[in-house]
1. Can you name the strands (runs of 3 or more DSSP E) wholly within the stretch 1-80 that have at least 3 residues being crowded, with 24+ Cβ neighbours inside 10 Å and modelled with pLDDT of 95 or more?
2. Scanning the stretch 112-161 for residues that are surrounded by fewer than 19 Cβ atoms within 10 Å (Cβ to Cβ), small (Gly, Ala, Ser) and assigned to a loop (DSSP other than H, G, I, E, B), which turns out nearest to the chain's Cα centre (by Cα)?
3. Working only within the stretch 83-105, note down all residues that are open to solvent by 40 Å² or more (accessible area, probe 1.4 Å) and within 28 Å of VAL2 (Cβ to Cβ).
4. List every residue pair whose Cβ atoms lie under 6 Å apart, where the two residues are 6 or more positions apart in sequence or sit on different chains, the first residue falls within the stretch 72-90 and is farther than 16 Å from ALA61 by Cβ, and the second residue, located anywhere, is open to solvent by less than 20 Å² (accessible area, probe 1.4 Å) and among the charged types (D, E, K, R).
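The values are calculated or read from the model by the stated rules, or taken from the named source; none is laboratory data. A quick note: this is a predicted structure, and the numbers were derived from the prediction, not measured. Here Cβ is always computed from backbone atoms with ideal geometry, including for glycine, and neighbour counts include all displayed protein chains. Side chains included, ligands, DNA and RNA excluded: accessible areas come from the protein's heavy atoms. Shrake-Rupley method; radii C 1.70, N 1.55, O 1.52, S 1.80 Å.
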Amino acid sequence: MVNVKGKWALITGASRGIGYLAAGFLAEQGCNLILHSRKTEHTEKIMAEVCAMGVEARSVAAELSDPEEVSRMLDSIDAMNLQVDIVMNNAGLQVGYRTEYFKTPVSDYTDSFLINTIAPAMICNHFMPKMIERGFGRVVNTTSGIRYQPEQAGYSASKAALDKITIDLGSKVEGTDVMINLTDPGWCRTDLGGPHAPSAPESAIPGYVVGIFADDKKSGRYLGAQSFTGMTLEEAVAYAEAHFDSPYRR
């Protein structure tokens, strides 16, 4: 199992929901954090909490729907002169539920793809070459289990595209100590999931972050967080490595 103590992790959408919980969990393991939100004041609470655990933290801000802001955020992280070994692309957008789905506006697709697909792809393309050069890295991209719902076409299509990007990138690092995998927190009661979701956000931990700690050199996997609910981190890692194989072996 990977020891993250002293390593630096970037978490997008860290100010609330699953990203907030993931940040706290990684801090408990001794991981230093770069916390992203749309405005730096949004991460002040989690920043104070993780620093109180004895780790270092920085905050960055960017509107992920704007590729130029994403680029500026990445430049600002580079200027920190930190070695980013872990990336969690957690931030996402779920647009309105369209009962008249044949009238889905184009903006549902463009808005969803900018945040859910293009921003994570930019972040992967920025950090993964450096991870490959150093010989170590972990990237976890957040996907969704939504299917057969044209009412959420923009959201589900953008996540399907992220799945494809993740699996394709994973084929280039498979068998190395740079691993990129997918995680699905499940339908949780967050701002994105809404109050009627069946699962508490806490149920997604440790499964949501298990791809960071896995150490079997496998990429491109779909790691559903709810499969690990109630496990310790050690149990979750062992279960992931034993039961979740790379798609390239099929």
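1. On the way: elements: 8-11, 32-37, 57-61.
Hits in the stretch 1-80: 8-11, 32-37.
2. Top of the filtered list is GLY145.
3. Selection gives GLN83 alone.
4. Once the first residue is farther than 16 Å from ALA61 by Cβ and sits in the stretch 72-90, its partners that are open to solvent by less than 20 Å² (accessible area, probe 1.4 Å) and among the charged types (D, E, K, R) give ILE86/ARG138.
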